1. Which FRET efficiency value, to the nearest 0.05, is calculated for V283 and D168 with the Förster distance at 45 angstrom and r the Cβ-Cβ distance?
2. Please give, to one decimal in nm, the separation of the simple spin-label points placed at L154 and E72, each 7 Å out from Cα toward the Cβ.
3. Sort the following peptides by mean Cβ neighbour count (other Cβ atoms within 10 Å, averaged over residues), highest first: 168-176, 267-275.
4. Given a Förster distance of 25 angstrom, what is the FRET efficiency for D95 paired with T50, based on the Cβ-Cβ distance and rounded to 0.05?
5. I want to check the label-to-label distance for S175 and A6. Put each point 7 Å from Cα in the C-beta direction and report it in nm to one decimal.
6. If the only charges are +1 at each Lys and Arg Cβ and -1 at each Asp and Glu Cβ, what is the size of the charge dipole of region 10-285 around the Cα centre, to the nearest 20 debye?
7. Rounded to the nearest 500 deg cm²/dmol, what is the calculated helix-only ellipticity per residue at 222 nm for the chain, with -39500 (n - 2.57) per DSSP H run of length n ≥ 4?
8. Leaving out ligands and nucleic acids, and using a 1.4 Å probe, what accessible area per residue does region 46-178 come to in Å²?
Amino acid sequence: MPGYFAADSMVVRAMRQRAVGLTWGQRALMLGGLHPRLFVGTAQHTAHRTTPYTRLALTARLMETVFLGSKEEADRALAFTAKRHVPVEGAMAVDGGPAHPAGSPYSAVDPGLMWWTAAFALDSTEFMYDALVRPLRPAEREELFDDFVTWAGLFGMPASAAPASYPDFRRRFDSWLASDEPHLVEEARLVGRHIAGTAGYHLPGGSLTSETLRTVVQGSLPPLVRERYGIPWSPVHETRWRAVRTASRLAHGRLSLLGPTPLLRGRSERFYKVVQRGEQALVRRGGVSIPGVSDVAV
């Protein structure tokens, strides 16, 4: 059944690449952690505060369903999200820097915050496609931007909340990232560092899979973002990241010669579920996904 996005649309082509589908979310979460009202608003209302991988997997599944699913599947995901967003309204209980002091209001239906949610996802999808598949062409960047504006509109964002064009988006986003406005509250720092793999991952495939994912997530971050999170980065790390990136691009460049590639293309839902089940099993055994998060008040 057809969905809201055509099979040949740029966002579908991007999201169907497993290298993008399995990595954009971690990067987007870490960049989003630098927006205090967005992060704190979510943290103060989420049912998965102490299980961030479950929350990340759920968010990725909902987004993937809207982009890649049928209209019926997408409508269910949109209705589920709308219901979850109803109670997300309040004021920041912690200081988020000069631009977001304690007491600043937030709401899941704030058009500006809705666009920032889309902006972090767009920037990370674009970056991961460039790095791990191939560089996008200018027209493809415009199309990807338009697709994300449409996607945000399905969740209720007015089109006027988005920049007028891809170049406008790029200027605004890059200017914000380089400004004094981004700020990490303590919980965002804790969650982001773990999502980046500073404590290691426990994934099928053992240390090779875990180390590769850590290299990709950390390598994809702008240097100033790594600095804010306190993530060390050396020439050795950079060499590994360049090697992974080059190998991934080479593999994707030869896909047409290799025939069907279900491990590299398709919906990533079942991989999200593996991560989610692993975290929930850890908690059931009495373990803690991210030590210290439950002790930080937001």
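1. Efficiency, from the Cβ-Cβ distance: 0.55.
2. 1.6 nm
3. 267-275, 168-176
4. Values: r = 22 Å, r/R0 = 0.90.
Given R0 = 25 Å and the Cβ-Cβ separation, E is 0.65.
5. 3.3 nm
6. 1160 debye
7. Working: 15 runs with 182 residues, N = 298.
It lands at -19000 deg cm²/dmol.
8. 43 Å²
The values are calculated or read from the model by the stated rules, or taken from the named source; none is laboratory data. All values derive from a computational prediction rather than experimental measurement. Quick reminder, even Gly has a Cβ in these numbers, built from the backbone with ideal geometry, and neighbours come from all protein chains shown. For the accessible areas, the whole protein counts, side chains as well, though only heavy atoms, and no ligand, DNA or RNA atoms are used. Shrake-Rupley method; radii C 1.70, N 1.55, O 1.52, S 1.80 Å.
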